[in-house]
Structures are given as structure tokens and as C-alpha cells.
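Student: This is the structure I want to talk about, given as C-alpha cells.
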């Protein structure tokens, strides 16, 4: 059984490093992208089992990437969780329209929380 | 003296004519001024018309005291006629008799005169009434002209668009502001149906007829105003769109005869709202980003992911994590306060079972409750029905009050929560803690205020919790107060209406 592939799309390098390290320790294959453009390309290429998507990013923000992803044959059913510090009801509604599994506020969860929730999602989805 | 009036042919006429007839002798003084007259003979109607009885042989100054002062013109007239022998007519008012008379007078000879008169009091009254009526009409007309000019000036110059329609919804007037807003000339728009010229839609598309403001106003007979939150959109001929506030009112005489719509362009207000909201969201995002990062790095270190930590190292990293958590809490509180202060919180009422919210918050506080060994007592017996309220707002209120009840409590102390719903919702949260000293009670709801005894128990508090509770309750139409004494705990009371106020924060 292969490892689950997780794609982290996050523009703050220190943030993506610490999450990546933590997830890898737990046996996940993790790739990162710094913006929506790279994220979109990597997603279509690697077909990750889960995408952790930030909202505010340069070049292409998270919600735009999400709408583009949904236009792709594989992408339209991809599992995406918004992981961001931007708490705005309007954005949440837009994300919900494009279909995300969940909306996590970084400031409200610990690394442990994130790990736990991801494992829960995988257990739920399979 | 030979009786003239009672003679023969004339006698009948004089007796039956409706006028009064008086045959008199004029009296002059040494200076030849007319000062009196004597009634020699009068006809029957004289008494009826004047109310003077048995005048014959009497002087007028006896019969009507003060007549010389009140009607000098009569003395002048009779004196003149007696001398000139000309026929003259006069209309005069005799105040003592409260009557108007029309008098024809001539002199048959010597110092005598004959006065033939009718009572024209009624006619005079009517004349005066007509004059008054005309004067009133003139004044009313002037006022009407003024009002019309004022209304016109208002209509032409008001910066909001104003459109008037007849009872079929056909446009009758369009003011210059409306022409500019809609890009329709008045001459093009007049005669057309309102909704052909004003294309209204909202987020869900075209607005159905029965919800259109003008329609509602004209059928209900009451004004209808749209809200800023649900501001409808108008699409111009060139497909550009702008948000508006519409105020539609019926024109009512005895029934609805038309309508008026005032259109206020709220593009700027909407933009301002949006940019306030965005500013707060971005500001908190920028503050939270480094804070979350620190939290996670500290967590990774403490979880020994990067190898073992010596005792002192562990303590220092724990302190980093602890202070960082305080900062995050502060940012969250500031975010709430900013939203409340700048008015960008949206209230959405839904049915909420208050006891469930309290239980959820108590669960979130499970660890600190256990750490302090606190005993929780709940009384939900009178909390049967859910109430209509904004879930997030009430959650925040309970979160703040219960967190306080936990943090400022004694070890092994207790918290009592009671909910009573009876016309309104009354929640009581009591604890056995350090309490609020009397000398600071007036300030306890102030922004960033922390009492000294509270600082000793919990140095890291934000001082904004109660400010948030009070502000939120204000917007929900409720209130909060407390009873407390230093070291004797505190009991907080919250009252909320059971049906919500529909408002934005």
C-alpha cells in the first residue's frame, strides 16, 4: 500500500517546512508549492490524495487555484482542505461553492490537530 | 300736522311695503349744525326693521343713545338733504341696533325729510363672508404656489433620483438626478412603465413582481425601504450595474393614486463596508501568520521531533509557546472588537438551544476546569425551547463569561449556570472566585481594563472579554450586569429577547 500523497500550497516557507516535516514523520509523501500557479501544475501532475490550500498567495490565490482545479478532469473531484489564517465569511462561502472538505484556521489548530484531522479524513474517505 | 302717510292711495302702499318709512323733522343748533331729529310719523315696518317702539314724537338721540357719535354721517346726510332737497342714498351700520341699513332720503319741504330704508344686514354679512372667502382663497393659493415651488426646487436639486408614477405604474416625473443615475432622459422615460426603465435585480437574479418596492408600497399603501445589506442592483442600458437603496412610497388622496420612488446610489457605502471588512481580515491574517508559525515550531520542538530537550531548554520553549498562545488570543479578541466597532459583524438568527451552547463551551474548557478541580452545577429546567439568535455571537458571549468563571475561580471551587426562558432568556453564571472589588466595578466592562486582583490570578488576560460581551449583547437587544464582592465570587446576569432584532452589527 503506497503512502498517501499530500500537496501543501502555502506561500510562507517557514510554515510549509514545519507542516511538511510533521506530516513526513507520520509517513505521508509531501510536496509543497509556493503559489497557486505552481500548486495547480503540481496537483494536475501528481494527483495528490489531499491538497492543503492556503488562500492569500502571490501570482494566483487559493480560491482562484481551486476554481481552476475544478475545471480539470481529475481536479474536479480532488479532495481539498483550506488551511489559512484568513477568516472571512465571504471567502468561506466561495470555497464551499467549489467544494472543499473543510476550512481550518491555522491559528486555531496545533500540528497535532492537523495530523489528527488528516488521518480522520483519510479514514473517512476510504 | 296733517297725516300724509296714512292718506288714501299712498297709505296702502306705505303700509304694505317691506321697507321702513320715517317722516321726520330735522333739528339744528345755533351754528346750523344738524344735531337731532324728531320722528313725526313712521310706518308699521319701521318698528320691525329697527326694533324701536313708539318712536313718534321722540328724538332719535333719545331712542338710540350715542347715535350722534356712532353715525355722524346720518346727521350730515339728513341735514344736507333737508337743505338741498336732493334725493340721496346711503348704506350704513348702526351698532346700537346691530343692523345695516340702506336708506333713501329726500325732503318734502321745510326742515322735514322722509327716509325709506331696508335692513341689509344679511346681504352685508354675505358680502363680508365672500370677501373673507376670497381672501382665504388668495392666501391658500399663495401658499400652494410656494409649496409647489419648494417641491419643484427639491425635486430638481435633490442628489438622489426621484421618480413619480401614476396608479398604473407609468412614469410621470423624472428628476435630473434620476436621469443621470439611470442614463435615461426624462422625456424618454415619461410614459413608460417604471420597471422597464429601472431594471432591478438582487443576488438571486431579477426581483419577482410581488417583492418589488414600488409594487409593495402601492398595494399595501405603506412606504417600503430596502436595506443596505440586501441592496438591490440596477442595470443600466449600457449593462453597467450599481447598488442602490430604494425608498418607495404610495401617493394617497383618499386612495392610492400613484407612487414615488427615491433612488440612493450606495456604491460608495457598499465599498466602504467591504473595505472595512477586508482590512480587518487582512490585518488579522498578517498578525496570525507569524504567530501560528511560532506555535507550530514550538510544538514540534516540545514533541521532541528534532531530538531531546534538556530541562531548561524545554522550559524556555514552553514559555515561547505560552506567550505565543496569549498573543493569538489577543489577536482573536482584537479581531472581534474591530468587527464590532467598525460595524461589520453580520447577525444571522437561527434557532439555538442555549443549554447546548453552554455545554459545548464547558467542553472546550474541560482541561482548565479539571486542572482547578472545579465543580459545575447546571440548572436547565426552565430552558425548554430554542430561541432565535445568532449562534456565533451567543457562543462568544458564553465563551467569555464561562472562561472568566473558570480562570478567576478558587481551586476546588464551583460554577453555577442557570438558564430560564420566560418571555425573555435569563442566564446566570456564578463562580466562587476572587470577585470584582467595589472600587473597580464601574470600569469592568471597559476596553482593556483589568482589575489588580484579576491580574494577580491571571496576568495574561486581554481585558477585552467583557467589552465584547456587552457590545454583542447590545446588538442582540440584550443586556448584562453582575453582582460581586472581592473574594466572594461573582454572579453575571445576561438577558436576551427571545425573538431577535434584525440588525447588522
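Here, each number is a calculation from the coordinates, and none is a lab measurement. Quick caveat, the model's predicted, so the values are computed rather than measured. FYI the Cβ positions are ideal-geometry reconstructions off the backbone, even for glycines, and counts take in every protein chain you see.
Student: Within segment A:28-63, track down each residue that is within 14 Å of chain B (Cβ to nearest Cβ), under 20 Å from residue A:77 (Cβ atoms) and touching a helix residue (DSSP H, G or I) at 6+ places or on another chain (Cβ under 6 Å).
Tutor: Within segment A:28-63, A:63 is the sole residue that qualifies.
Student: While we're here: Could you check segment B:303-323 and list, in sequence order, the residues that are within 10 Å of chain A (Cβ to nearest Cβ) and assigned to a helix (DSSP H, G or I)?
Tutor: Scanning segment B:303-323 gives a single hit, B:321.
Student: Could you check how many residues of segment A:106-124 are at the interface with chain B (Cβ under 10 Å from one of its Cβ atoms) and touching a helix residue (DSSP H, G or I) at 6+ places or on another chain (Cβ under 8 Å)?
Tutor: 7
Student: Please work out which residue is farthest from residue B:336 (Cα to Cα), limiting yourself to segment B:449-492 and to residues that are under 34 Å from the mean Cα position of the chain (by Cα) and not in a helix (DSSP H, G or I).
Tutor: B:481
Student: Condition first: crowded, with 17+ Cβ neighbours inside 10 Å, assigned to a helix (DSSP H, G or I) and at the interface with chain B (Cβ under 8 Å from one of its Cβ atoms). Can you find one or more residues in segment A:79-86 that meet it?
Tutor: no
Student: Residue by residue through segment B:380-395, note down the ones that are surrounded by fewer than 21 Cβ atoms within 10 Å (Cβ to Cβ) and closer than 24 Å to residue B:436 by Cα.
Tutor: Listed by number, the list holds a single entry, B:395.
Student: A further question on this structure: Please pick out the residue among B:268, B:236 that is under 32 Å from the mean Cα position of the chain (by Cα), without any contact (Cβ under 8 Å) to a residue 60 or more places away in the chain and away from chain A (no Cβ under 14 Å).
Tutor: On inspection, the qualifying residue turns out to be B:268.
Student: Which condition number in (1) in contact with a helix residue (DSSP H, G or I) (Cβ under 8 Å, 6 or more places away or on another chain); (2) in contact (Cβ under 8 Å) with a residue 60 or more places away in the chain; (3) farther than 28 Å from residue B:153 by Cα is the one that residue B:261 fails?
Tutor: Evaluating residue B:261 over (1) in contact with a helix residue (DSSP H, G or I) (Cβ under 8 Å, 6 or more places away or on another chain); (2) in contact (Cβ under 8 Å) with a residue 60 or more places away in the chain; (3) farther than 28 Å from residue B:153 by Cα leaves (3) as the failure.
Student: Take segment B:281-297 and flag every residue that is more than 9 Å from chain A (Cβ to nearest Cβ) and in contact with a helix residue (DSSP H, G or I) (Cβ under 6 Å, 6 or more places away or on another chain).
Tutor: Result: B:294, single match.
Student: Here is a further query. Could you say which residue among B:340, B:376, B:328 is surrounded by 15 or more Cβ atoms within 10 Å (Cβ to Cβ), away from chain A (no Cβ under 14 Å) and assigned to a helix (DSSP H, G or I)?
Tutor: Within the list B:340, B:376, B:328, the selection yields B:340.
Student: Go through (1) assigned to a helix (DSSP H, G or I); (2) over 29 Å from residue B:234 (Cβ atoms); (3) touching a strand residue (DSSP E or B) at 6+ places or on another chain (Cβ under 7 Å) one by one and return the number of the condition residue B:104 breaks.
Tutor: The number of the failed condition is (1).
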